[in-house]
């Protein structure tokens, strides 16, 4: 996180959970305001706000404009919440997360071989074609990131999407992260994306998974200083 260390942030999340339990809050109940949470936890409001954003990303809480923040069903979010706690503990998890990211995207490709619609293909092709229209590295990085985000989102598996988003949010905070676009280049990325989309469109699952695996070949896993978001 930007304003607070992982260990401190994890402690704040635990404190919020304890407060929810102590207050006996249930699904649908409104949480105390940012100001009240700040006073009760004795931390700054910006820190509370950052913690609440993470909980909302995980689907544990939801914010309704003009009404406040409400507790969602905790039962349906246990897997994602466990992942968040694992990440925030500050262990050496980068390699595990990178491998999991690859597995999730390969899972998305597997699903897309059965689920992809013509409009999905058109959307992904449009994003991919934009790679050939930009020159700045940060633009290439952003477009590549968008391509992978849309690829995962179009799998329409909400749990897969949420876990992938949590992993990518963590990778965005690292001082050195994986970025395929820095290792290859716009033309190579365009070629690989195009071949992948063609195989998915042809419902060729074996070829699609093989191409995705090659896209994430070990030589690409380099730790580098980013100028934009990771792929």
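The values are calculated or read from the model by the stated rules, or taken from the named source; none is laboratory data. These figures come from a predicted structure and were not determined experimentally. Virtual Cβ from ideal backbone geometry, glycine too; neighbours counted across all protein chains shown.
Couple of notes before you dig in:
- Residue identified as within 17 Å of residue 189 (Cα to Cα), touching a helix residue (DSSP H, G or I) at 6+ places or on another chain (Cβ under 9 Å), modelled with pLDDT of 95 or more and in a helix (DSSP H, G or I) among 149, 126: 149
- All of 162, 156 fail the test of being over 19 Å from residue 211 (Cβ atoms) and either touching a strand residue (DSSP E or B) at 6+ places or on another chain (Cβ under 7 Å) or not in a helix (DSSP H, G or I) (or both), apart from 156.
- Filtered residue count, segment 188-212, keeping only those that are out of contact with any helix residue (DSSP H, G or I) (no Cβ under 7 Å at 6 or more places or on another chain) and at pLDDT below 95: 1
A quick yes/no check of all residues on (1) buried (at least 18 other Cβ atoms within 10 Å of the Cβ); (2) in contact with a helix residue (DSSP H, G or I) (Cβ under 6 Å, 6 or more places away or on another chain); (3) modelled with pLDDT of 95 or more; (4) not assigned by TED's automatic domain parsing to the domain that holds residue 146:
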site	(1), (2), (3), (4)
75	no, no, no, yes
86	no, no, no, yes
96	no, no, no, no
116	yes, yes, yes, no
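- Among the residues of segment 15-45, those that are surrounded by 13 or more Cβ atoms within 10 Å (Cβ to Cβ) and assigned to a helix (DSSP H, G or I) comprise 15, 16, 17, 19, 20, 34, 37, 38, 39, 40, 41, 45.
- Tabulated pairs, segment 136-154, first more than 15 Å from residue 126 (Cβ to Cβ), second assigned to a helix (DSSP H, G or I) and modelled with pLDDT under 95, C-beta under 6 angstrom, 6+ apart or interchain: 140/181; 140/186; 141/181; 152/161; 152/164
- Residues (without any contact (Cβ under 8 Å) to a residue 60 or more places away in the chain and either more than 19 Å from residue 119 (Cα to Cα) or crowded, with 20+ Cβ neighbours inside 10 Å (or both)) located in segment 155-172: 155, 158, 160, 161, 172
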